Every structure is written in C-alpha cells, then in structure tokens.
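**Student:** Can you read through this structure? Questions will come right after.
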Amino acid sequence: MSAKQLRFIVPDDCGGMKARTFLRKRCKVSARIITLLKREKSGILRNGKNLKTIDILHSGDVIVLNLPEDKNEITPIEGDLNIIYEDEYIIAIDKPFGMPVHPTKVHQEDTLANILKYLQDKKGESYTFRAVNRLDKDTSGVVLIAKDKYTATALQNNVHKSYIAVCEGYIENSGTIDKPIGLLKGHTVQRAVIKEGKPAVTHYTPLKTDGIHTMLKITLETGRTQQIRCHMASIGYPLAGDDMYGGSLEFISRQALHCAAVELIHPITNKTINIKTEIPADILTIIEEP
C-alpha cells in the first residue's frame, strides 16, 4: 500500500453504519479530506467499486481511499539530514540547532524543509511538507513530518513529546506551570504570560543540578509557541543561553532546549512508535559533573 492509498476493513461493530460516519468516527478521516476525495475519480472505493458516503457498510468491506498526489513547491537545497525514523507515512528528523524548520521571509533556502525536498527528489518522492511539531530555529531535536493529509490530521494533538532543558538556578522538586501565554505587547516574536493569552500547561521534573543550573525533563499539555522558554522564565528560571527571556550566554550560545523523544500511535498500523535522540554535547556540558 503506497502512501497515497489508505485501506480500512470494516469491523463487525461497524456493519450497518453509513460510510461517512465510519470514515469520520472510526477512521478519523477529516471532513475536508472526505470532501476532497468525493471529487476524485475512484477517490473512495468499497471492494474495488466506487462508494458514496451515504452508502451503508457491511462487516468485512474493504474501504480504500486514494489520496490525490501531493505537490511540494519548496526549493530543493542539497544537504544532509539525520533521519531517525521513516516509513511510508511519516519521517522523523533529528534537527540540529540553528536550522529553521520551514521557509519564512527571512529564511527561504536554509531550512529543514529545503533539504528534505532535495532528498525527496533524489528518491523520486513528492509530498507536501507537513510538520506535525515545529521547533524554534535554535531548539534541537525531533521534528516529525507527515507524508500525506490523512496522517497529518490523525497525528494532530496525538503526539507525546518529551524535552530536555537546562535552566538557570537550582530546582529541587517537580512542578507544573499553568499560565496563559500570548504575544508580549509591542513584540512580534517574544511571548509572555498574560491574562488574555491562550491556556498553556508545562510539567517539569529535575534530573540533575550543580547548584548553578538544573537539567529538566519537560512535557507539555499544550503546544504554544515558545511555551517552555516563556513558562520557565515566568517562574524565575530562564533557560541557559536564552537571552530573549533573560538567560545568560556564558555557558551556551543558544537556548538549552532539546526535543529528546516523541511517542505516537501510528495512524495506519496502530502500533506504538517511540523515537528518541541523543542530547547534544553543548547542553550536556553546561552542568559540571562533581
């Protein structure tokens, strides 16, 4: 089965269900994708024949969705990426710090997306760049990319990420920061804890400390822009190297933040996938070993 084709078998408990209901509720196919497939010849098939979304399904029916071919108009730029997981539907890359994830006005041809497009072309693949999670330019670690519309939708809010960070100061106990985050007044990038911001929840656990810095494991309930950086600074423990939020550049030249692991239920195979990366040396060496 190619990445452009999805196959589902109707289980016994879904016999008698309308096709649209089965696709939306059981298969988690978005209404937008269903509408798109209805316009395509052979977009939705049952046992090899065209299927209408109002048709009633039977136990054992084989439903096939033929997704239209993706287009990727990002400029390919030659380079190498550390690919740590890949299959027909997703690809995970260990992004180095200093590399933007996707093109912007300032970064047109020096991004992860540009290099991935070059590698796609070499392999004869073509899929739109859909980053399931996005990291700041100077945050390193796992970036997960979906290779089709369905996978991207299925993974939204269904990927559990674990970060390693080094903050300034000594933290002894685990804690939770539950404070709304929004744009800092007068700024276009920097965030702040503000009453009218969006809800944001960060959990942190200290792993080790030298009294000057503390290494933390961090997990998120929400995925606000710069959430970890903003939240840690808001309680008086900015990340080392994060001068935007008050951190010192004495020990590291970028924010000491790394997306170390992601866990997900694969939307096609239903298997649990764990993807892990090594903590970069510049983060590991901040805390002096006794």
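**Student:** Where in the stretch 1-74 are there strands (runs of 3 or more DSSP E), lying fully within it, with 1 or more residues that are in contact with a Phe, Trp or Tyr (Cβ under 9 Å, 6 or more places away or on another chain) and of a type outside the set (Asp, Glu)?
**Tutor:** Values: elements: 5-9, 44-46, 62-66.
The qualifying strands (runs of 3 or more DSSP E) are 5-9, 62-66.
**Student:** On to the next question. Every residue in the stretch 264-275 that is surrounded by fewer than 14 Cβ atoms within 10 Å (Cβ to Cβ) and on the phi < 0 side of the Ramachandran plot, please. Don't jump to the end; show me each part of the working.
**Tutor:** Residues of the stretch 264-275 that are surrounded by fewer than 14 Cβ atoms within 10 Å (Cβ to Cβ), as a first pass: 269-272, 274.
Correct list: 269, 271, 272, 274.
**Student:** Quick one: residue 26 ticks every box in (1) touching a helix residue (DSSP H, G or I) at 6+ places or on another chain (Cβ under 8 Å); (2) touching a residue at least 40 places away in the same chain (Cβ under 8 Å); (3) of a type outside the set (S, T, N, Q); (4) assigned by TED's automatic domain parsing to the domain that holds residue 11 except a single one, so which number is it?
**Tutor:** (2)
**Student:** Go through the stretch 62-83 and give me each residue that's exposed (fewer than 12 other Cβ atoms within 10 Å of the Cβ) and in contact with a strand residue (DSSP E or B) (Cβ under 8 Å, 6 or more places away or on another chain).
**Tutor:** Looking only at the stretch 62-83, we keep the residues that are exposed (fewer than 12 other Cβ atoms within 10 Å of the Cβ), and these are 69, 71, 73, 78, 80, 82.
Residue satisfying the conditions is 82 alone.
**Student:** Collect the residues in the stretch 105-123 that are in contact with a Ser or Thr (Cβ under 8 Å, 6 or more places away or on another chain) and at pLDDT below 90, keeping them in residue-number order.
**Tutor:** Across the stretch 105-123, the qualifying residues are 108, 109.
**Student:** Moving on. Quick one: in the stretch 201-240, of everything that is at positive phi and touching a residue at least 60 places away in the same chain (Cβ under 8 Å), which residue is nearest to the chain's Cα centre (by Cα)? Please lay out each step first, then the result.
**Tutor:** First, pick out the residues of the stretch 201-240 that are at positive phi: 211, 226, 236.
Among the residues that remain, those that are also touching a residue at least 60 places away in the same chain (Cβ under 8 Å) are: 226, 236.
Working: 226: 14, 236: 28 Å.
Out of the qualifying residues, it is 226.
The values are calculated or read from the model by the stated rules, or taken from the named source; none is laboratory data. Being a predicted model, the structure only gives us computed values, none of them experimental. Here Cβ is always computed from backbone atoms with ideal geometry, including for glycine, and neighbour counts include all displayed protein chains.
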